[in-house]
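The values are calculated or read from the model by the stated rules, or taken from the named source; none is laboratory data. Keep in mind that this is a model prediction, so the values were computed, not measured. Cβ coordinates were reconstructed from backbone atoms using ideal geometry, including for glycine residues, and neighbour counts include every protein chain displayed. The accessibility values were calculated without ligands, DNA or RNA, using every heavy atom of the protein model including side chains. Shrake-Rupley method; radii C 1.70, N 1.55, O 1.52, S 1.80 Å.
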Number of protein chains: 4
Amino acid sequence: MGTLTYHRIKDIENLKLHGRMDTGSDVVALLSNGHGIEVNVTGSQLWADIEADYTSFEPWAAIEINGELISRFMVDKGSRRICLFRGIDPGKVTRVKFYRELQAMNDDKSTNIVIKGLETDGEFMTPPSYKYRLEFIGDSINSGEGTYGAVTDEDWTAYCMSYSRTYINLVGRAMNAECRVISQGGWGVFSGWDNNFRHNIPSVYDKICALAAGGPNDKYGAGKAYDFSSWVPDAILINLGTNDCAGFNQPPFTDPDTGEVYKLKKNEDGTFDKKDAGQITDAVINFLKNVRKNNPASHIVWLYGMLGYELNRPLTEAVNRYIEESGDKNLIFIQLPSANDGTYGARRHPGIKAHEIAAGIIADHLKTVL
Amino acid sequence: MGTLTYHRIKDIENLKLHGRMDTGSDVVALLSNGHGIEVNVTGSQLWADIEADYTSFEPWAAIEINGELISRFMVDKGSRRICLFRGIDPGKVTRVKFYRELQAMNDDKSTNIVIKGLETDGEFMTPPSYKYRLEFIGDSINSGEGTYGAVTDEDWTAYCMSYSRTYINLVGRAMNAECRVISQGGWGVFSGWDNNFRHNIPSVYDKICALAAGGPNDKYGAGKAYDFSSWVPDAILINLGTNDCAGFNQPPFTDPDTGEVYKLKKNEDGTFDKKDAGQITDAVINFLKNVRKNNPASHIVWLYGMLGYELNRPLTEAVNRYIEESGDKNLIFIQLPSANDGTYGARRHPGIKAHEIAAGIIADHLKTVL
Amino acid sequence: MGTLTYHRIKDIENLKLHGRMDTGSDVVALLSNGHGIEVNVTGSQLWADIEADYTSFEPWAAIEINGELISRFMVDKGSRRICLFRGIDPGKVTRVKFYRELQAMNDDKSTNIVIKGLETDGEFMTPPSYKYRLEFIGDSINSGEGTYGAVTDEDWTAYCMSYSRTYINLVGRAMNAECRVISQGGWGVFSGWDNNFRHNIPSVYDKICALAAGGPNDKYGAGKAYDFSSWVPDAILINLGTNDCAGFNQPPFTDPDTGEVYKLKKNEDGTFDKKDAGQITDAVINFLKNVRKNNPASHIVWLYGMLGYELNRPLTEAVNRYIEESGDKNLIFIQLPSANDGTYGARRHPGIKAHEIAAGIIADHLKTVL
Amino acid sequence: MGTLTYHRIKDIENLKLHGRMDTGSDVVALLSNGHGIEVNVTGSQLWADIEADYTSFEPWAAIEINGELISRFMVDKGSRRICLFRGIDPGKVTRVKFYRELQAMNDDKSTNIVIKGLETDGEFMTPPSYKYRLEFIGDSINSGEGTYGAVTDEDWTAYCMSYSRTYINLVGRAMNAECRVISQGGWGVFSGWDNNFRHNIPSVYDKICALAAGGPNDKYGAGKAYDFSSWVPDAILINLGTNDCAGFNQPPFTDPDTGEVYKLKKNEDGTFDKKDAGQITDAVINFLKNVRKNNPASHIVWLYGMLGYELNRPLTEAVNRYIEESGDKNLIFIQLPSANDGTYGARRHPGIKAHEIAAGIIADHLKTVL
């Protein structure tokens, strides 16, 4: 084992960053699921100098070495030195990825993991290369809710969520793709599971990490406009609608600011109110227009179904109308199988088996079009 | 072993018939895939007195005992006695199903298996009961093309097709459902894979077994109008569109009678010609109207995707427009995963693994609605 | 389709025979499981001219085309023409294997399937080649008892047995090996499940097909001495002991000829009587000596365990003592996992999943030594 | 969230300890794989006050909540507070297990994790109950070497080892069994993989945790005699022999103290030298005698085979001779399938799939005897 040298994170040239980030900062702030760093490094060991914070939802992180998950843990508040690996033949090149498991917590603006430096007795080599770039947009399914925890677990805990076991990570591995995620449990394309109209993903798409913005993470650029030309995805996969659908069965949401009441309604015969379903359809179309505007060449896939097919009709209607109106030829709707008693994870969400099945279907499709 | 007694098939009260049949005949003619007989019988053995015919596509049949496939074989021309089982403790009740594997062969009007009688030393007990009734409508996927044979097999042989290994049989087993099939390889909802506009399944839906009609099988009532009230399905599952889609990539079809030329066209940019896609959409809507008219209470599922998702848009458009226009609340579109290199069977068709996956998704869905 | 030409079976040069057979006969008699013929043939169709017989246990047969099972059926008494395939592009070479599913029935000396000729419009090409030769020796597990039929099936029927679904066929497929089987349900290495000392496999090993001898099948050479130099196996896999073990828990067997009573006994504490266990051990050693004498270069594997591990000790003792005494270096004992509630087939015997697991373990081992 | 109360670990009555431990200490020292604590606790959160140390091999730990792994991480030197869970509805009872992943490191006597207290806003309820007690004794396979890490990983790192993914943990989960492990990578029943005769597991069996003894961990009782009456296992599963076997193919070991040279030798024909194989056999017999002496009523299973079957004969010989000489009726040899290219993990050791297969076989067996 040689002498450890401390490298300020921003001084490391051969550093691969994962996730939308503001490059203006002199640290690397992991503000959202899948945010991380990756290096190909020689030496017997590698340590990260980090600082973390949270109020109610503690951040979790994971370490992959040579492509396999070897560690997953909560990161407590405060500064600490985390070992990313040790005990390896110093002459070898070790590929290490350290990333955040927990989604950007819109409900806890203070949550973050900040990487300030790396310490090693080795050298940073050319960073790992990827064949594709994929952007995933979604809700709790993309946030991996239920991929950890017992089937009987019901509490909304940070540990139940992950990036490591989601179909996102699995598709990335199957396709050698660099993946980014924008997702938030409970949010929809039009409104959230509780009819909260503010909880829609399209409203956060144009900022670097708007879900984490509006608080201490603003200093890491969370709320800045995102430069779409900085990272052009080969495909964009949107998995939204599950929470919009839930709104039809949930009580109304009262806007605390205005007192106005919002609710997606069903007709007496159990079908969706036409106007309300239409709001979802319009939201999908508008979001697709915006996604396309910002990503002219990317293949777009609208995914849906892992927690039931009830919103099939408004979603396909929206996709079809968008294609009809736009002439866009590079977009498809793909339904994923609903989780069942054999594939549910915690909190009645898709478990790891459901994510494996979805990953297979998605990767199969992408291989035919990319 | 007791003495064998010959029972004319129509004299057996406790006989369960599978498939749409004309009860006017004094024999049981197996004219289509899934057509068969089933009994709960005591005795040490059971034989069937049958007669079969074909010109180019020989019929295949299968035997299930107590719910498990034990035999599958070609039935040659002529009369013969086929053993359905023997060597069983005579006091036991054995459940036996003898059914046709091969689809009704529209290209060989002479194909049939006719059961004239059964011979046993036992007694026919109350026939097996089923919890549900399911009707499946489709193309080569429903006809089980590729569920038998090597991955490298390319010839369109009778042995490559089955009922036994299709998702139909698997869903039936998983749900204790009596299943019927109307299917024909190469046919579509609007036109066939080769743009032959006559090869559409809706045109045969109202007759008992129109695919086998127009020849010697007419004497078994193949061409008679079907009485939809005689067997009310809990659900109807339609898997059509795959061949319509193929037509866009195939040469035109020239009607031999009129010389007129038919072809579904693509635009220069590879998208479907709007009018041609619209013809498929109209065909779907019209078919759904007819299916609903004849089955007012049945849950309807439109399945699609086991051989690619290219026709997603016209199909979902049709389903959505039909719902919109009709107000029908009991219908859903469900996409099935496309077969891949691990799940293809013979003739680049879904193999048994693909059918198992599809069966799981379909049964999961039906359990939530029935 | 060209004109069919009849070829007497013995006139076909490019015919591959499977199983120990007397080449003196001018027909091919399928007297045991795995006995069969295989051809690479052009032409659109192939028919077999056969004759079959049985008294109590009807023979079953199977057809594999290009390596995949496509048909499996009972063969009734009498002469008939069986289609092995039809409807294939005549220019292609089709690989066809037609083989017996049912073991040689020691309880029914009349059981047989005799192939007299083949009829085709094609030509017989060089027969398929195999990389290895494997000989399997065993009991009902090797006879595939339970690989067909429902888990609840309890009768000892011919249909419950197979070659097609046994680990033998699966190992053969995995290793491109030509496989032969000598097996009989209920038999042991020393005595049968019912303590019948005559039901031991070593007593039939030196004859071509002694299990089928002593009756009409003698004319096909069943009882002739076997020429071990005619087919030298790369490995010999013996799976015996399960029935010997059963004898300890079964009533005594009384020799009908002499009135003598035979029984493997347990001590009061439930362990095996030392002398009786020693008889099994001796029988294993003597059998191994004989197998080795006749197969000097073959790798030998003693398999055991698919229906419990109770006889482990006497069997390993025998294998160890044989090695010790003989200096034989080319022999190993391999335990296979016992079937469980998820892998049992009919008649509480290993089902197809148990055979798949065993095949994997066996093929893995053979790949390391061959 | 209520106020957190600090409980000294030894003051917690409702604490379940896992692993052999000296109860004299006023802390809980995790000195070996599987060592851990388990509680049923109410409250919204639970923290552990720990201290850890190592020189060359850092300890790893894991957290299971309600029976599912949710975290796995390296524990760095020094004191810290580790969160075992937080964010749970305080009224619920949460089952938490915190345990060591890394084996006792005979090569690093300083490695430990010491638990000094727990902090919670809840109450400790009756600890979890188990139906069975199982003791596992073994080598690197039991130490989970290869259950984490990429298939290409070759370095002997702490992260490659685990308790969480071993068959031990899986059998425990399948059978609701409390499991203990004594294991060390590279060690044998007679001598280690490198012919080091000191590296034999029997030499450490009678002490509490002799593998961790001889250094700072002595203060936690590592080197004290173990009281076998304190925890009577229903079954003891010994998986040893793999490293003894390796010695035959490795260079000699020279005792640094005496200069004497040790080597298990093969004959010129590749077989084991009789005297050397005999030493292994004797070592097995002596170990079995000692295990039985200390555990008169436990069912004993000798497991072997996950990394090849080469030592089958000396091992079965030993087991058989031990039974013969002792009259012990409560012992069996069970061979496990060798890992293959589909089931290897890191360092050419059995991966998680191989452990799952082994766990199934072991649990199946135990269910038949316990």
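Okay, here's what the table says:
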read-out	value
Region C:154-276, relative contact order [Cα under 8 Å, separation at least 6], %	21 percent
Within the protein assembly as shown, percent of DSSP bridges classed antiparallel, to nearest 5	70 percent
Kyte-Doolittle mean at least -1.0, axial Cα span of 18 Å or more - DSSP H helices of chain B	B:274-294, B:352-369
Sequence of A:Leu315, C:Leu69 when ordered by accessible area, the most exposed leading, probe 1.4 angstrom	C:Leu69, A:Leu315
Cα gyration tensor, chain C - rounded (a/c under 1.5), prolate or oblate	prolate
Amide H partners (placed H, <5 Å) of C:Ile137, local residues excluded	C:Ile182, C:Leu237, C:Ile238, C:Asn239
Accessible area per residue in Å² at 1.4 Å probe, computed on chain D	35 Å²
Candidates A:Asn290, A:Asn239, A:Asn217: whichever shows maximal mean-square fluctuation once chain A is modelled as a Gaussian network with Cα springs under 10 Å	A:Asn290
FRET E, pair C:Asp194, D:Glu356, Förster distance 35 Å, beta-carbon r, rounded to 0.05	0.35
Percent RCO, i.e. relative contact order, over region C:223-370, from Cα pairs under 8 Å lying at least 6 residues apart	23 percent
15 Å cut-off, amide nitrogen to a point 7 angstrom out along C:Lys367 Cα→Cβ, residues in region C:158-182	C:170-177
Relative contact order, percent, chain D [alpha-carbon distance under 8 Å, six or more residues apart]	17 percent
Per-pair calculated FRET efficiency, R0 = 25 Å: B:Thr23 and C:Thr55 via Cβ, rounded to 0.05	0.05
Residue order for B:Ser338, B:Ser129 - accessible surface, 1.4 angstrom probe, largest first	B:Ser129, B:Ser338
Under 5 Å, built H, 5+ apart or other chain: amide partners of C:Thr94	C:Val41, C:Thr42
Per-pair calculated FRET efficiency, R0 = 30 Å: A:Arg81 and D:Tyr6 via Cβ, rounded to 0.05	0.75
Carbon and sulfur %, accessible surface of chain A computed with the full protein complex present, 1.4 Å	49 percent
Karplus-derived 3J(HN,Hα), 6.51/-1.76/1.60, for each residue of region B:140-153, Hz, glycine and proline x	4, 5, 5, 7, x, 4, x, 6, 10, x, 6, 4, 7, 5
Choice from B:Pro59, B:Pro233, B:Pro252 showing the highest fluctuation, given a GNM over chain B with Cα pairs closer than 10 Å	B:Pro252
Reduction of at least 10 Å² in accessible surface, 1.4 Å probe, comparing all protein chains with the chain by itself, residues of region A:135-150	A:Tyr148, A:Gly149, A:Ala150
Theoretical gain in end-to-end length, B:Glu268 to B:Ser229 [0.36 nm per residue, Cα-Cα removed]	9.3 nm
Rounded accessible area of C:Trp302 (nearest 10 Å², 1.4 Å probe)	0 Å²
D/A buried area, accessible surface, summed, 1.4 Å probe, Å²	2500 Å²
Under Karplus coefficients 6.51, -1.76 and 1.60, residue-wise ³J(HN,Hα) of region C:253-267 in Hz, glycine/proline x	10, 9, 5, x, 6, 10, x, 6, 10, 10, 6, 7, 10, 9, 6
DSSP-defined beta bridges in chain D - what % are antiparallel, rounded to 5	70 percent
Threshold 20 Å² - residues in region B:58-79 whose accessible area is reduced by that much or more when the chain is no longer isolated, probe 1.4 Å	B:Glu58, B:Trp60, B:Ile65, B:Asn66, B:Glu68, B:Leu69, B:Ile70, B:Ser71, B:Arg72, B:Phe73, B:Met74, B:Asp76
Heavy-atom SASA rank of A:Glu325, B:Glu145 (probe 1.4 Å, accessible area, largest first)	A:Glu325, B:Glu145
Accessible surface of C:Lys329 - all protein chains present, 1.4 Å probe, nearest 10 Å²	110 Å²
A:Asp257 accessible area, 1.4 Å probe, all protein chains in place, Å² to nearest 10	120 Å²
In order through region C:64-72: 3J(HN,Hα) via Karplus (6.51 cos²θ - 1.76 cosθ + 1.60), integer Hz, x for Gly, Pro	10, 10, 6, x, 10, 5, 10, 8, 7
